[in-house]
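J.: If you scroll down you'll find the structure; I have some questions about it.
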Amino acid sequence: MVYIKKNKKKIILLVFILLLQMLFASSMVFATEPGDVIIPSLELNFGQGTDNVASSIQILVLITILSLAPSILVMMTSFTRFIIVFSFLRKAISLQSTPPNQVLIALALFMTFFVMTPVFSDVIDNAYTPYVNQEISQEEALDNAVKPIKGFMLRQVRTEDLALFIDMSGGIQYEEANDIPITTVIPAFIISELKTGFQIGFLLFIPFIVIDMVVASTLMSLGMMMLPPVMISLPFKILLFIMVDGWHLLVEQLIRTIK
């Protein structure tokens, strides 16, 4: 055992020395003079032409949008409602990991794309395409992009949730709903989606709870105290969900709840 430990130490030391030699050799490749070591750097060259500047700005804007895309998808679309309902459904049927999280997230994601397609098309037609063609300014493009998204959120948000954040922001009176800042609409939309998702989830629990109660009372009357009711009720709940074509019915009703 001592011999093996000594060999391991020698091997680790040898690998460390080889790594140092590789780093030293790679640094010498970038050396212009003996003794000088240059660390390569990545620079974003905007150039002197307007085309180079515009391209660089577009790249920066695209990177920013991609980095914020997950937050935008969760906060400003119906994805939150869908994924909450699917999670409630899995709990109601007493399934721990079936369907897997990846499947539920993918289903909620593609349902979100289906529902949000008119909104995204409006943004592309009225904001992105005219801006790329240099027909409108950047400020006009942002306004045109925000309008359809804000309109979608205002159709889903509850009046009391919107009034809550308007009062907390100073109680400013707005003549039209479109005049409300998007920073006020987004949190109101999120809590509205949360409540809607919980309401639908509660309704999903009712038929499955009835099955659990019937199975539990039946086992109690038969004296089967040690047999878990979930083990018996699970096949009946799955059978009920299959008989009513649960996935078709649930997805259809979820999409119909979007205004």
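The values are calculated or read from the model by the stated rules, or taken from the named source; none is laboratory data. Values in this document were obtained by computation on a predicted structure and should not be read as measured data. Using ideal geometry, Cβ is built from the backbone for each residue, glycine included, and neighbour counts are taken over all protein chains shown. Calculation scope for accessible area: heavy atoms of the full protein, side chains included, ligands and nucleic acids excluded. Shrake-Rupley method; radii C 1.70, N 1.55, O 1.52, S 1.80 Å.
J.: Residue by residue through the stretch 75-100, note down the ones that are part of a helix (DSSP H, G or I), under 20 Å from LYS237 (Cβ atoms) and either open to solvent by 30 Å² or more (accessible area, probe 1.4 Å) or of a type outside the set (Phe, Trp, Tyr) (or both).
T.: ILE84, VAL85, SER87, PHE88, LEU89, ARG90, LYS91, ALA92
J.: Can you confirm whether ILE172 is among the β-branched types (Val, Ile, Thr) and over 30 Å from ALA92 (Cβ atoms)?
T.: For ILE172, the condition - among the β-branched types (Val, Ile, Thr) and over 30 Å from ALA92 (Cβ atoms) - is met.
J.: Between a residue in the stretch 101-130 that is open to solvent by 50 Å² or more (accessible area, probe 1.4 Å) and any residue that is of a type in the set (S, T, N, Q) and at pLDDT below 90, which pairs come within a Cβ distance under 6 Å, given they are 6 or more apart or on different chains?
T.: Cβ pairs passing all conditions: ASN126/ASN144.
J.: Before we move on, is MET153 under 18 Å from the mean Cα position of the chain (by Cα), over 30 Å from LEU240 (Cα atoms) and touching a residue at least 60 places away in the same chain (Cβ under 8 Å)?
T.: Judged against the criteria, MET153 is a match.
J.: Examine the stretch 171-188 for a residue that is at pLDDT 85 or above, part of a helix (DSSP H, G or I) and closer than 27 Å to THR129 by Cβ, and state whether such a residue exists.
T.: The answer is yes, given that some residue of the stretch 171-188 is at pLDDT 85 or above, part of a helix (DSSP H, G or I) and closer than 27 Å to THR129 by Cβ.
J.: Another question, if that's okay. With LEU194, LEU240 as the choices, which residue is open to solvent by 40 Å² or more (accessible area, probe 1.4 Å), touching a Ser or Thr at 6+ places or on another chain (Cβ under 9 Å) and modelled with pLDDT of 85 or more?
T.: After ruling out the rest, the residue left standing is LEU194.
J.: From the list ILE211, ILE238, ILE258, which residue is touching a helix residue (DSSP H, G or I) at 6+ places or on another chain (Cβ under 6 Å) and assigned to a helix (DSSP H, G or I)?
T.: Step by step, each of ILE211, ILE238, ILE258 is checked, and only ILE211 is touching a helix residue (DSSP H, G or I) at 6+ places or on another chain (Cβ under 6 Å) and assigned to a helix (DSSP H, G or I).
J.: Being under 22 Å from VAL85 (Cβ atoms), at pLDDT 85 or above and in a helix (DSSP H, G or I) narrows it down to one of PHE205, PHE165, so name that one.
T.: Answer to the check: PHE205.
J.: So, in the stretch 155-188, of the ones that are farther than 23 Å from VAL115 by Cα and either touching an Asp or Glu at 6+ places or on another chain (Cβ under 7 Å) or among the aromatic types (Phe, Trp, Tyr) (or both), which residue ends up most open to solvent (accessible area, probe 1.4 Å)?
T.: Among them, the one singled out is TYR174.
J.: Let me ask something else. Would you be able to say whether some residue in the stretch 219-233 is part of a loop (DSSP other than H, G, I, E, B), open to solvent by 60 Å² or more (accessible area, probe 1.4 Å) and within 30 Å of PHE113 (Cα to Cα)?
T.: So far as the stretch 219-233 goes, no, none of its residues is part of a loop (DSSP other than H, G, I, E, B), open to solvent by 60 Å² or more (accessible area, probe 1.4 Å) and within 30 Å of PHE113 (Cα to Cα).
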